Amino acid sequence: MADEKKAVLNEVENSEYKISEQCLIRRDKLKNLQDEGRNPYLITKFNQEVYSEELKKKYAGLANEEESGDKFTIAGRLMSKRVMGKASFAHLRDYKGDIQLYVTRDNLGVDSYADFKKLDIGDIIGVYGEVFRTKTGELSVRAEKLTLLSKSIRPLPEKFHGLTDVEQRYRQRYVDLIMNPDVKDTFIKRSMIMKEIRAYLDEKGYLEVETPILTPFEIGASARPFTTHHNTLDMDMVLRIETELYLKRLIVGGIDRVYEIGRIFRNEGMDPKHNPEFTSIELYQAYTNLGGMMDLVEELFKRLADNVCGTRKINYQGIDIDLDNWQRLTMIEAVKKYSGVDFAEVKTDEEAIALAKEHHVELPDQLTRGNILAEFFDAFVEDKLIQPTFIYDYPVEISPLAKRKPDDPEYTERFEFFINCTEYGNAFSELNDPIDQRGRFERQVAARKAVEPEAKCQVDYDFVNALEYGMPPTGGLGIGIDRTVMLLTNSASIRDVILFPTMKPLDAPKAKRFCVCPRCGYKGEAEYDNVCPKCGFISDDD
């Protein structure tokens, strides 16, 4: 046996992971089973009749020490085992929860009981037996037959809680899901949220579609794309940074209500609210405007709160949020409210520049009144918007796809909505004037190339061509799904709601520096990707 262990160690010596003594012991057990013709990996099917939660609901009224008389077959992962001579207790965890097993030599048989005692925590087993309640009140299954369905040759961690090794949680989500039922609940709720969004829109007559993820060129937007190369066509392509332009082509084509839920890719920074790939929903409705989109947002979030959280008054990271009440402010009103500066009285770019300097507001690359108003909003307003708030009437300079206000063409019919100082969505009365759209696109690309001469962005003239066929008045809306899930599951980081978040390779060089975590107060060294080693908070502070 020692020679076999040595052979195994030699086999994995150059592998990417270490093999422990516990792993070797488990491999020995597996080999013995295989030598005996009982290889668990050869089992292809098992009759799992019920889940633990279903049994707990069905037999909730069973009294202590009462037997149900009913027998079932269950399956799951062995999470604990307490051997006491001829009788043992164990816990099995399946998809919907945990249930106790009562295993005795008399019920199982001498040989099978001996096999049970050789099982390891983490093994996947099937159990047949009667449901009863113990004298201490725990619903249990008295095992009459037990089958090893899959051998766990790597031991589960003894302590695998959210704040002990957050990086391992994200890198090995499969272990995180095994050990932390709350994590599984988060992703079950994520699925519920997606279903509710689809159900709401489907009820309103929207059509769900899919548009290209690989696009032929980079548009002039500020978001940076990921690039790739199509070998067959011998052309560079980019991963989409939005779904908007394709969806609005469908509005032109006569599909009056359309939406897409899908992955978006932006080659930008990472922090608790940003991941390079994320999920959004964009929807467009002909013959409505931003007012219709505001009403839709309110209805949708109230429905999500009702059906996912059971209440419209939720708590997010210690802050009470009332999703039943939404405030509506223009950007000028909001800036005046929180900074005291009334941009309705500002008539020239020069006045705006002087106000920015006076109030120590960072000057944008383009020194226009509209751009400076947006900087004032960032500096004074966004961190005050705790309760649900719509901010509308955005400057035209920062809204290249929104329709101008008929009575004030320097501003657009655009809104963003904020909850807990975070932007959750963006909506427009969509621009359908092809001449205006072409001019804005061309100015956007020119402005980008003035700052980045090497930029490869282009005007999407095919989209302009589509508009020239005529697009009806249209309301459009985009919502960040990941942030919505964070809010409704009380998750602090976007990594907590993405099953497999983007991570730096383990072998990447990691410089360290002293830091102070703004969330948990940790003081000490942290790696240069700004992840707190104590609580996992990802700082966007450079």
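Output the residues belonging to region 373-409 that are in a helix (DSSP H, G or I), in contact (Cβ under 8 Å) with a residue 24 or more places away in the chain, acidic (Asp, Glu) and touching a helix residue (DSSP H, G or I) at 6+ places or on another chain (Cβ under 7 Å). It would help to see each step written out before you state the result.
Taking region 373-409 as the starting set, the residues that turn out to be in a helix (DSSP H, G or I) are 373-380, 382-384, 396-398.
Filter again for in contact (Cβ under 8 Å) with a residue 24 or more places away in the chain, leaving 373-374, 376-377, 379-380, 382-384, 396-398.
Those still in the list that are acidic (Asp, Glu) too: 382-383, 397.
Scanning region 373-409 gives a single hit, Glu397.
Given the criterion surrounded by 12 or more Cβ atoms within 10 Å (Cβ to Cβ), of a type outside the set (Lys, Arg), within 22 Å of Pro155 (Cα to Cα) and out of contact with any Gly (no Cβ under 9 Å at 6 or more places or on another chain), identify the matching residue among Asp120, Asp98. Before you say what the answer is, go through the steps one by one.
Values: Asp98 fails: out of contact with any Gly (no Cβ under 9 Å at 6 or more places or on another chain).
It is Asp120.
Hey, could you check region 342-362 for residues that are in contact with an Asp or Glu (Cβ under 7 Å, 6 or more places away or on another chain) and not in a helix (DSSP H, G or I) and say which is surrounded by the most Cβ atoms within 10 Å (Cβ to Cβ)?
Looking only at region 342-362, we keep the residues that are in contact with an Asp or Glu (Cβ under 7 Å, 6 or more places away or on another chain), and these are 356, 361-362.
From what's left, not in a helix (DSSP H, G or I): 361-362.
Working: Val361: 21, Glu362: 10.
Ranking the qualifying residues of region 342-362, first place goes to Val361.
Would you point out the residue of region 164-209, among those that are of a type in the set (A, V, I, L, M, F, W, C) and not in a helix (DSSP H, G or I), that is farthest from Cys532 (Cα to Cα)? Even if it seems obvious, please write down each step before you answer.
Applying the first criterion (of a type in the set (A, V, I, L, M, F, W, C)) to region 164-209 yields 166, 175, 177-179, 183, 187-188, 192-194, 197, 199, 201, 207, 209.
With the extra rule that they be not in a helix (DSSP H, G or I), the set shrinks to 207, 209.
Values: Leu207: 43, Val209: 40 Å.
Looking at the filtered set, the residue picked out is Leu207.
Quick one: which residue in Lys313, Lys302 is more than 21 Å from the chain's Cα centre (by Cα) and either open to solvent by less than 10 Å² (accessible area, probe 1.4 Å) or at pLDDT 95 or above (or both)? Let's see the steps before the verdict.
Working: Lys302 fails: more than 21 Å from the chain's Cα centre (by Cα).
Exactly one residue qualifies, and that residue is Lys313.
Given the structure, is Gly370 farther than 30 Å from Val485 by Cα and in contact (Cβ under 8 Å) with a residue 40 or more places away in the chain? Outline the logic, then answer.
Details: farther than 30 Å from Val485 by Cα: yes; in contact (Cβ under 8 Å) with a residue 40 or more places away in the chain: yes.
Spelling it out, Gly370 is indeed farther than 30 Å from Val485 by Cα and in contact (Cβ under 8 Å) with a residue 40 or more places away in the chain.
From the list Leu488, Leu477, Leu506, pick out the single residue that is within 23 Å of the chain's Cα centre (by Cα), more than 20 Å from Asp383 (Cβ to Cβ) and at pLDDT below 90.
On the way: Leu488 fails: at pLDDT below 90; Leu477 fails: at pLDDT below 90.
Within the list Leu488, Leu477, Leu506, the selection yields Leu506.
Just one of Val459, Val445 is part of a loop (DSSP other than H, G, I, E, B), of a type in the set (Val, Ile, Thr) and closer than 16 Å to Glu218 by Cα; which is it? Steps first, answer last, please.
Working: Val445 fails: part of a loop (DSSP other than H, G, I, E, B).
Answer to the check: Val459.
If Ile264 satisfies all but one of (1) touching a Leu at 6+ places or on another chain (Cβ under 9 Å); (2) modelled with pLDDT under 95; (3) part of a helix (DSSP H, G or I), what's the number of the condition it fails?
Going through the list (1) touching a Leu at 6+ places or on another chain (Cβ under 9 Å); (2) modelled with pLDDT under 95; (3) part of a helix (DSSP H, G or I), Ile264 breaks only (3).
Pick out the one residue from Met194, Met237 that is farther than 21 Å from Asp462 by Cα, surrounded by 15 or more Cβ atoms within 10 Å (Cβ to Cβ) and either at pLDDT 95 or above or touching a Ser or Thr at 6+ places or on another chain (Cβ under 7 Å) (or both).
On the way: Met237 fails: farther than 21 Å from Asp462 by Cα.
Residue meeting the stated conditions: Met194.
Restricting the search to region 438-467, which residues are modelled with pLDDT of 90 or more, within 33 Å of the chain's Cα centre (by Cα) and surrounded by 14 or more Cβ atoms within 10 Å (Cβ to Cβ)?
Phe441, Val445, Val459, Asp460, Phe463
Please determine whether any residue of region 401-415 is under 33 Å from the mean Cα position of the chain (by Cα), surrounded by fewer than 17 Cβ atoms within 10 Å (Cβ to Cβ) and under 17 Å from Ser222 (Cα atoms).
No, the conditions are met nowhere in region 401-415.
The values are calculated or read from the model by the stated rules, or taken from the named source; none is laboratory data. Predicted model only: the values in this text are computed from it and were never measured. No Cβ is skipped: glycine too gets one built from the backbone with ideal geometry, and neighbour counts run over all protein chains shown. What goes into the accessible areas is simple: the full protein's heavy atoms, side chains included, and nothing from ligands, DNA or RNA. Shrake-Rupley method; radii C 1.70, N 1.55, O 1.52, S 1.80 Å.
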